[in-house]
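Asker: Once you've had a glance at the structure underneath, I'll fire off some questions.
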Amino acid sequence: MLNMSSAEVIGMKDMAAPLASGLEGVVVAETRLSEVDGERGRLTLAGHDVEELAGDGEVAFEDVCGLLWGGALPSAAEREALRGAIAEGRVRAFALLDRLGDALTARDGMDALRAAVAHLGGDAPPAAIAGAIATFAAAWSRRAAGEAPVAPDPSLRLSADYLRMARGAAASEAEARELDTYLVTVSDHGMNASTFAARVVTSTGSDAISAVVAAIGALKGPLHGGAPGPVLDMLDAIGAAAGEGGAPPPGGAERWIQAELAAGRRIMGMGHRIYRVRDPRAAVLERAIERLARTAGGARGARLALARAVERAAEAALRARHPDRPLRANVEFYTAVLLDALGLPRSLFSPTFAVGRVAGWCAHVDEQRRVGRLIRPSSRYIGGVRRRVDTPQGGLI
Ligand code: COA
């Protein structure tokens with residue numbers, strides 16, 4: 001029998017220490033990599049405001065790798081060297097495909113990525129890891145669609161080659177630029193859950209691949225990187241009744257959102273742990289979709305109009321429910337619309353997030369190594385105690 005009287009609950013000595021549920025407000029590291037200002041809606045990536053860095057598609061994924069791994073935007077020569085190293089990572093990863101066992105047959109892209117990355121050598125350098133993640137994600141998507149993986153083209157930058165490998169068709173310069181906008185925008189974001197997971201693993205003295213595998217596992221969750229697929233499902237459901245120009249019928253978005261909330265479900269792509277205003281990354285991605293709609297056309301303009309109408313309806317519904325807790329669009333909301341506009345299947349949205357975020361993960365692994373201290377917080381025991389007593393039967397009660 002368990003004795004649960006409060007006097008016998010051990011751990012009482014820790015009751016005075018404040019419990020930080022979800023580690024909210026707890027500062028666990030100093031970093032030079034990024035700062036998230038949740039009150040003003042600003043994101044700084046190694047000294048650069050995200051809206052300036054990613055705002056016009058001029059900065060490529062390789063540039064932000066140079067920034068996060070080296071502390072400054074690379075010179076032309078450094079960029080070429082990085083481009084070559086990441087391209088070599090793609091080529092080497094492609095050569096590994098036949099030796100990944102059944103990793104790439106997993107139904108979920110993040111499961112496949114986690115298993116495939118685990119095959120890399122423990123201390124693979126950042127460029128090799130970044131190249132491999134893009135190659136594995138694209139190869140998984142092709143196989144899932146019943147198509148053969150497409151070999152990398154090392155003469156291309158990562159964004160253009162990733163679109164080519166994933167879709168089986170060359171990307172236009174406009175498409176490659178907007179994928180760069182996305183990859184740069186999501187490259188790092190303070191002490192987010194996957195980055196923290198990578199730092200915890202690194203703090204034990206473990207290797208970079210173990211840290212990145214842990215990070216992929218954390219990114220998979222719908223509260224972190226798993227939201228954009230469901231955002232597109234939401235737009236599809238509401239848009240099924242959309243009229244000319246993409247606008248849902250009056251009240252259509254509101255009805256759908258209220259039904260979700262009434263069923264106790266969250267509206268994906270809305271809300272954030274840190275931001276109390278609209279996520280600045282949502283604005284960067286929204287502008288990228290606008291540019292793409294102007295240059296590439298198609299149904300992109302209508303889709304953007306629908307997304308904007310749904311965002312307004314979701315924001316109003318959440319404001320009514322939580323007047324004291326601002327719940328605005330986060331990065332995932334327009335990620336869904338942008339990656340869809342780039343012709344990537346929704347099953348590839350979370351793996352594509354990993355293609356960008358790996359830049360930050362690798363930088364944090366390096367930074368944490370320099371700290372050299374084990375991350376090991378405490379917990380408060382709220383279970384009971386069993387005592388050994390003398391009974392005729394003996395043993396524990
Ligand atoms: N839809 C509906 N309600 C939401 C919500 C959403 N997207 N986000 C938060 N809420 C509600 C919660 O239900 C909670 O209500 P309660 O106090 O009545 O229980 C309240 O707002 C506070 O939520 P909490 O879970 O404490 O916030 P958090 O800081 O832990 O969560 C997120 C942040 C991102 C996990 C959360 O906003 C969320 O789940 N969003 C949807 C998933 C998503 O888009 N993830 C991508 C993040 S970049």
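Asker: Looking at (1) modelled with pLDDT of 95 or more; (2) exposed (fewer than 10 other Cβ atoms within 10 Å of the Cβ), can you tell me which one residue 59 breaks?
Answerer: (2)
Asker: With respect to residue 369, is the statement that it is modelled with pLDDT of 95 or more, out of contact with any strand residue (DSSP E or B) (no Cβ under 6 Å at 6 or more places or on another chain) and under 16 Å from residue 281 (Cβ atoms) true?
Answerer: no
Asker: OK, next. How many residues, within region 284-301, are within 16 Å of the ligand (Cβ to nearest atom) and open to solvent by less than 20 Å² (accessible area, probe 1.4 Å)?
Answerer: Final tally of qualifying residues: 2.
Asker: List every residue pair whose Cβ atoms lie under 7 Å apart, where the two residues are 6 or more positions apart in sequence or sit on different chains, the first residue falls within region 266-279 and is within 6 Å of the ligand (Cβ to nearest atom), and the second residue, located anywhere, is aliphatic (A, V, I, L, M) and part of a loop (DSSP other than H, G, I, E, B).
Answerer: Every condition considered, the pairs that remain are 268/227; 269/227; 270/327; 271/327.
Asker: Scan the helices (runs of 4 or more DSSP H) fully inside region 136-241 and keep the ones with 1 or more residues being over 24 Å from residue 281 (Cα atoms) and open to solvent by 30 Å² or more (accessible area, probe 1.4 Å).
Answerer: Answer list for region 136-241: 158-167, 193-203, 208-219, 228-239.
Asker: Also, I was wondering about something else. Tell me the residue from 375, 382 that is under 30 Å from residue 133 (Cβ atoms), away from the ligand (no atom under 16 Å from the Cβ) and outside any helix (DSSP H, G or I), please.
Answerer: 375
Asker: Take residue 287 and tell me if it is over 21 Å from residue 187 (Cα atoms) and either within 17 Å of the chain's Cα centre (by Cα) or assigned to a helix (DSSP H, G or I) (or both).
Answerer: No: the conditions fail for residue 287.
Asker: Here are some conditions: (1) touching a residue at least 12 places away in the same chain (Cβ under 8 Å); (2) among the aliphatic types (A, V, I, L, M); (3) open to solvent by 20 Å² or more (accessible area, probe 1.4 Å). Residue 389 meets all but one. Which one does it not meet?
Answerer: Going through the list (1) touching a residue at least 12 places away in the same chain (Cβ under 8 Å); (2) among the aliphatic types (A, V, I, L, M); (3) open to solvent by 20 Å² or more (accessible area, probe 1.4 Å), residue 389 breaks only (1).
Asker: For a quick check of your reading of the model, give me the residue pairs whose first member lies in region 216-232 and is under 24 Å from residue 129 (Cα atoms) and charged (D, E, K, R), whose second is open to solvent by 10 Å² or more (accessible area, probe 1.4 Å) and not in a helix (DSSP H, G or I), with beta-carbon atoms closer than 7 Å and at least 6 apart or on different chains.
Answerer: If the second residue must be open to solvent by 10 Å² or more (accessible area, probe 1.4 Å) and not in a helix (DSSP H, G or I), the pairs left are 220/226.
Asker: Have a look at 329, 354, 316 and point out the one that is within 16 Å of the ligand (Cβ to nearest atom), exposed (fewer than 14 other Cβ atoms within 10 Å of the Cβ), closer than 18 Å to residue 231 by Cα and small (Gly, Ala, Ser).
Answerer: Result: 316 is the single residue among 329, 354, 316 that is within 16 Å of the ligand (Cβ to nearest atom), exposed (fewer than 14 other Cβ atoms within 10 Å of the Cβ), closer than 18 Å to residue 231 by Cα and small (Gly, Ala, Ser).
Asker: Which number in (1) within 30 Å of residue 21 (Cβ to Cβ); (2) touching a residue at least 24 places away in the same chain (Cβ under 8 Å) marks the one condition that residue 253 misses?
Answerer: The failed condition is (1).
The values are calculated or read from the model by the stated rules, or taken from the named source; none is laboratory data. Not measured: the values here are computed from a predicted model. In this analysis, Cβ positions are derived from the backbone assuming ideal geometry, glycine residues included, and neighbour counts consider all displayed protein chains. Keep in mind that these areas ignore ligands, DNA and RNA; they rest on the heavy atoms of the full protein, side chains included. Shrake-Rupley method; radii C 1.70, N 1.55, O 1.52, S 1.80 Å.
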